[in-house]
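One structure is given here, and the rest of the page talks about it.
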Amino acid sequence: MGQRPSIAYVIDPRFPGGTSSAIAQELRVTSRMADVTVHAVASQMFSGTDIAPQLKRTLADLGLNVIWDRPAIAADMVVIHNPTFLKFQKTWNARIIARQVVVVTHENFLRPGRIEAFDVASCLGLIDRCAFALRKTIAPISAYNRRTVSDWLAQNPVCQWNVLARDWFNICDFPILAPNRSPRDRRGRHSRPGFEKFPALEDMDRCFPDHAARNVILGGDTYLETGPQRPHWEIHSFRAIEIADYFAMIDFMVYFTAPTWRESFGRVLAEAIAAGKVVISDAGTASAFGQAVVAAKPSEVDAIIGHFVAHPAEYRRHVLKAQARLADFSAQAFGKMLQEVLSAPVGVAA
Amino acid sequence: MILVEAGECSERSHDAKVLFALQLARRGYAVAIDDKGIPQALDRNQKFEIAPLLVEIPPEALTHLVIIGAENIDNETLLRLRDHALGPKVKIFCVGRFADLQALVGSRAKIAYALGREPQMLDLTDAEIKPLMDGTVAPLMAVGSSERPPSAVPQLFVYLPPEMLDEPMTLPILGAMDQLAGFRLNLIVTGKSKEQIRATRHEYLSVFSYTEISLTALADMADIVVFFGDSVPGEKMAALALDMMRSSKVVIDGTTRAALVSRGAPALRGPQDLAALPNYLDQTVLVNCAEIGRQAGISAWLKNHAIERLEQRLGLTPPDGPGPAKRKAKTLFVPTNGNGLGHAQRCTLIAAAMENPSDCAFAAFKSCVSLVASKGFAALPLVQRSDEHPEEFANDLLNYLRLQRSLRRGDRLVFDGGYVFDSIYRTIMEKGLEAYWIRRGLWQAGQMSPVSLDRQKAFRRVIVPDEAFGELNAAPGWESNVFHVGPIVQQLPVKSRGPARLKDRLRRHLNVEFDELVVTMLGGGVAADRSAQLQTLCNLFERRASCLHLILVWPGSKVHPGVYAWKNSRAVQTKNALALCQAADLVISAAGYNSFHEILFHGIPAIFVPQMAAYMDDQERRALAASERGLSGTILASEMLLLEREVAAFLDGGKAAEIRRNLKKAELPQPGNRAAAQLIEGLCDG
């Protein structure tokens, strides 16, 4: 392609969490490399028209307008972020014409135990029926996410989609902060308040015991409502405090989810690494970040934290190494990945 | 044990949850509902319905968690699910009608996140087999009712929507139907409609609000059910229809939308017009009841709605153990009201007159337990109402649970009291008990509660122990199940030397010398404060030399401390008041049914001081009936100044002896103890 390619984003801009954050970061890169348009779909997943604040800021910064529910969308490449926005729909009145359509799978197709996470076939089917393109590609966002996509496709051979060879990862351009020179047993976790984001209570108790100097739980709305009495937990509802203030309270990010759910990427982990914290999570979630996240079981958390508190130098070494690993998820790395996708030959109809 | 949950925390879901849990319980499973999931604003009937399901669940006893209505899961439910510490062996099932795959996987995911475990999904949606209703929370499965043989005269239950009662001819038609001999008419309506009917001249109709008793009881009682209105009015009525069909009973679809028949259910398409119903029943249904039931029983649609299908998918097998240990059917006497001593005493007399008194037991308030025990009967203690309870019927809820556990189908329940409590009414209906109501007469105007009269329908027979004097007995009414018997009265043998010996014993025991013995029994003090009257009497007898004045109270009763200040008066706690009365030269007594009749039937000279309260029997009429015949004296509460003169007349003026002579000659009716017992035993038709 000799001229600037055109990229049309097709999104539901009302996703409250990681999807909108990832798109916001991504737009800053893609708008430098291509002519970008943003098409918003008012899917049945959300009500109202409130665009996620992080996305709204980016769109304003870039001078991009959101085009709502345009029936016909045409571009060299159409990027559809998080197809789950179509999961409650029987029809989708869009017409997409593109050289290639890329569906970025922000949510895992399968949950642990190979259980379908949403009606994937329906969502992909709606896109497939609406899109006329030389190639239709699924773009996983992490190794774990990729595995759920491949496993699902293996279980559903009727769905003939390509899978992008490289991960369409979340850009993690968070400000890098120096690790604490004298870390203490100050633990915390932050997430949206959904049930999937929290492990069983007994694991929460293991991760946030009363002997810790601090246990800060940001996004613990459900515990505030009716939850167990844990006076040693400092529970804040989602977005109740600034994220920087939260990070100032902790030295360790201890993040486990419900065993029936897994992060597809784990932006919160990257965010904590960038903030200079040692991050501890289950092996599956940690795998997206290699050695940068300490893989553990909840029963091992105490010992790990005890070790780092006793060895501040090791704490510092670990954090710095982990922060270096974040370069793999930089805007620059994303730009390189996108360039490869854009320049790859697209000659065979999907 | 199976814990039943519903996806949404709402009153509708709660009702569905209870409905389904009770269906499982009828199949023999141990079932429970989490008390934390109960909506705040449950009414009285809902609380009675759910009470047996609220049990402690030992973690190791829980085998299944079944979430119904799982297509709609709300956050409140998820929060509670998260708090269940389910053992790894607990099987989790989500039952629902899922609109599509996304609805199913979405619900599954939400529950899996909250529980941290994967549930098994059970989608009841089946394009081939339509449910009886759309949008139900409960799975709506046919369980069937008990294997009661069809009634000799079929019990017809007609569901009427509120709007039908606004039509001017509805009640007159029902009034006319109520006179037909081919069936017994019962109505099922809303609570408000029931009130509406009660306020008309058709208040005699047998009416059930559809929350006042359980579905099981309704399905057991009914032989034919007819539905009018637009459609099936809710899940409970739909379940009733299913249970009736399953039991090969007749279900008639008179709905304007053919709500049952259009779904494929084996119901008869009946007339939509109430006026046409009697002839339809007469010409089409009653002559073919057995065949209609048989056809329903073999319906393929019904087989697809049988609870066994759901059980199979849930991996449940109804317990086929030995069940409750076999025991002889028993007759449980339940005397109630106030301290209940009079009711309890009467019941013990009837129980003692039964062929096999050893098959009789009691459920009684604490105040009566020792009386009952002293007569040789076991007593299950009931809880009395207290202002300390959070609700006025809290004690009755507990009594309901105790009665439920104590009784089973085939037992008899004999109630003696004025107000038929929910616990008693529900237990009779839900256990299908043969029930009898000992209902003393002489009520004061307006005293009999309309609720109690309405609940008379639960009793096979109402046994009215007559008063000694004809004018005190109500004229027999047109009710076919009300039977009159002679006065229920304790009868002690009259021993010629007995009184003298008893007096000697009293002299020795109390270490007093006396020539005349006066016994006072003014009552337990529930109805009125009798302390002033007692003081008057004590004062009076203090001034009589050589008089022993015994104030008799039941063991455990409170005695006013003032009476202990008198030399001639002694408070005596005794279970044997009648023997002391027999020895007395004069008895001063309230005119309660038992003491009044015991005094008359044992020829004891007495002055009656009637105890009056709005909620009591008319003691004044009773006392005056005796004194006007020269069989006693009567001093009303307003005439206490006359008491001294009357006592002097009895003890000094020869009136006591005259009364004794009159009583000896008096023609009193035969006691009805045995007749009442025979009516309960079914040995006579009254």
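The values are calculated or read from the model by the stated rules, or taken from the named source; none is laboratory data. All figures in this text were calculated on a predicted structure; none of them were measured in a lab. Counting neighbours? That spans all protein chains shown, and the Cβs are built from the backbone with ideal geometry, glycine included.
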* To do: Working carefully through the options B:LEU132, B:LEU140, B:LEU122, B:LEU115, find the one that is within 13 Å of another protein chain (Cβ to nearest Cβ) and in contact (Cβ under 8 Å) with a residue 12 or more places away in the chain.
  => B:LEU115
* Going through the range A:239-281 one residue at a time, which ones are of a type in the set (A, V, I, L, M, F, W, C), part of a loop (DSSP other than H, G, I, E, B) and more than 14 Å from chain B (Cβ to nearest Cβ)? -> A:ALA240, A:ILE241, A:ILE250, A:PHE265, A:ALA275
* To do: Return a yes/no flag: does the range A:135-143 have any residue that is of a type in the set (Ser, Thr, Tyr), under 18 Å from A:VAL268 (Cβ atoms) and in the same structural domain as A:HIS81 (by TED's automatic domain parsing).
  => yes
* Structure fact -> Of the listed residues (B:ALA613, B:ALA579, B:ALA591), the one being under 15 Å from B:THR520 (Cα atoms), part of a loop (DSSP other than H, G, I, E, B), under 38 Å from the mean Cα position of the chain (by Cα) and of a type in the set (A, V, I, L, M) is B:ALA591
* Structure fact -> Filtering the range B:247-294 for residues that are assigned to a helix (DSSP H, G or I) and either small (Gly, Ala, Ser) or closer than 18 Å to B:ILE129 by Cβ (or both) leaves a count of 7
* To do: Among residues belonging to the range B:253-288 that are under 19 Å from B:GLN179 (Cβ atoms) and touching a residue at least 60 places away in the same chain (Cβ under 8 Å), point out the one that is surrounded by the most Cβ atoms within 10 Å (Cβ to Cβ).
  => B:LEU281
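Conditions tested, residue by residue: (1) assigned to a helix (DSSP H, G or I); (2) hydrophobic (A, V, I, L, M, F, W, C).
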position	(1), (2)
B:ILE173	yes, yes
B:ASN186	no, no
B:VAL207	no, yes
B:ASP220	yes, no
B:PHE228	no, yes
B:LYS236	yes, no
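Restricting attention to the range B:95-112, which residues are in contact (Cβ under 8 Å) with a residue 60 or more places away in the chain and either within 13 Å of another protein chain (Cβ to nearest Cβ) or hydrophobic (A, V, I, L, M, F, W, C) (or both)?
Step one: of the range B:95-112, the residues in contact (Cβ under 8 Å) with a residue 60 or more places away in the chain are B:95-96, B:107.
Within the range B:95-112, B:VAL95, B:SER107 meet the criteria.
For A:VAL29, state whether it is of a type in the set (A, V, I, L, M), part of a strand (DSSP E or B) and under 19 Å from A:VAL102 (Cβ atoms). Step through it out loud before you land on a result.
Details: of a type in the set (A, V, I, L, M): yes; part of a strand (DSSP E or B): no; under 19 Å from A:VAL102 (Cβ atoms): yes.
When the stated conditions are applied, A:VAL29 does not pass them.
What strands (runs of 3 or more DSSP E), lying completely within the range B:325-394, carry at least 1 residues that are aromatic (Phe, Trp, Tyr)?
Details: elements: B:331-335, B:360-365, B:379-382.
Counting at least 1 such residues, we get B:331-335, B:360-365.
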* To do: Answer yes if at least one residue in the range B:433-445 is in a helix (DSSP H, G or I), closer than 29 Å to B:PRO149 by Cα and hydrophobic (A, V, I, L, M, F, W, C), and no otherwise.
  => no
* Asked: Does A:ALA143 count as more than 14 Å from every other protein chain (Cβ to nearest Cβ), within 26 Å of B:ALA112 (Cβ to Cβ), within 23 Å of the chain's Cα centre (by Cα) and modelled with pLDDT under 95?
  -> yes
* To do: Output the residues belonging to the range B:523-552 that are under 20 Å from B:GLN573 (Cβ atoms) and modelled with pLDDT of 85 or more.
  => B:LEU534, B:GLN535, B:LEU537, B:CYS538, B:PHE541, B:LEU548, B:HIS549, B:LEU550, B:ILE551, B:LEU552
* Filtered residue count, the range A:108-161, keeping only those that are touching a Leu at 6+ places or on another chain (Cβ under 7 Å), assigned to a strand (DSSP E or B) and of a type in the set (Phe, Trp, Tyr) -> 0
* In the range B:19-78, what count of residues is obtained for those that are surrounded by 15 or more Cβ atoms within 10 Å (Cβ to Cβ), more than 14 Å from every other protein chain (Cβ to nearest Cβ) and of a type in the set (D, E, K, R)? -> 5
* Structure fact -> Condition set away from chain B (no Cβ under 14 Å) and surrounded by 23 or more Cβ atoms within 10 Å (Cβ to Cβ), scope the range A:63-95, selection farthest from A:PHE132 (Cα to Cα): answer is A:ASN82
* Could you figure out which of (1) hydroxyl-bearing (Ser, Thr, Tyr); (2) part of a loop (DSSP other than H, G, I, E, B); (3) within 23 Å of B:GLU430 (Cβ to Cβ) isn't true of B:THR200? => (3)
* Structure fact -> Residue pairs within 6 Å by beta carbon, gap of at least six or interchain, first lying in the range B:48-66 and assigned by TED's automatic domain parsing to the domain that holds B:TYR425, second polar (S, T, N, Q), listed first then second, are none
* Does B:ARG117 qualify as being over 40 Å from the mean Cα position of the chain (by Cα) and crowded, with 23+ Cβ neighbours inside 10 Å? -> no
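Quick grid of which residues meet (1) under 24 Å from B:ASP43 (Cα atoms); (2) buried (at least 21 other Cβ atoms within 10 Å of the Cβ); (3) touching a helix residue (DSSP H, G or I) at 6+ places or on another chain (Cβ under 7 Å); (4) of a type in the set (A, V, I, L, M):
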| residue | (1), (2), (3), (4) |
| --- | --- |
| B:LEU140 | yes, yes, yes, yes |
| B:ILE173 | no, no, yes, yes |
| B:SER209 | yes, no, yes, no |
| B:ALA238 | yes, yes, no, yes |
* Please go through the range B:454-470 and pick out each residue that is assigned to a helix (DSSP H, G or I), of a type outside the set (A, V, I, L, M, F, W, C) and more than 25 Å from B:LEU631 (Cβ to Cβ). => B:ASP454, B:ARG455, B:GLN456, B:LYS457
* Restricting attention to the range A:26-75, which residues are out of contact with any Pro (no Cβ under 9 Å at 6 or more places or on another chain), among the small types (Gly, Ala, Ser) and either at positive phi or without any contact (Cβ under 8 Å) to a residue 60 or more places away in the chain (or both)? -> A:SER31, A:ALA42, A:SER43, A:SER47, A:GLY48, A:ALA60, A:GLY63, A:ALA72
* Check on B:ARG201, outside the structural domain of B:LYS17 (by TED's automatic domain parsing), of a type in the set (Lys, Arg) and surrounded by 14 or more Cβ atoms within 10 Å (Cβ to Cβ) -> no
* Of all residues in the range A:96-119, how many are more than 14 Å from every other protein chain (Cβ to nearest Cβ) and crowded, with 17+ Cβ neighbours inside 10 Å? -> 10
* Taking the range A:305-343 only, how many residues are more than 23 Å from the chain's Cα centre (by Cα), assigned to a helix (DSSP H, G or I) and surrounded by fewer than 16 Cβ atoms within 10 Å (Cβ to Cβ)? -> 7
* Structure fact -> Given the conditions (1) of a type in the set (Val, Ile, Thr); (2) in contact with a Lys or Arg (Cβ under 7 Å, 6 or more places away or on another chain); (3) at pLDDT 95 or above, every one holds for A:VAL79 apart from (2)
* Asked: Consider B:ALA85 against the criteria (1) in contact with a Leu (Cβ under 7 Å, 6 or more places away or on another chain); (2) within 14 Å of another protein chain (Cβ to nearest Cβ); (3) not in a helix (DSSP H, G or I); (4) not acidic (Asp, Glu): it satisfies all of them except one. Which criterion is unmet?
  -> (1)
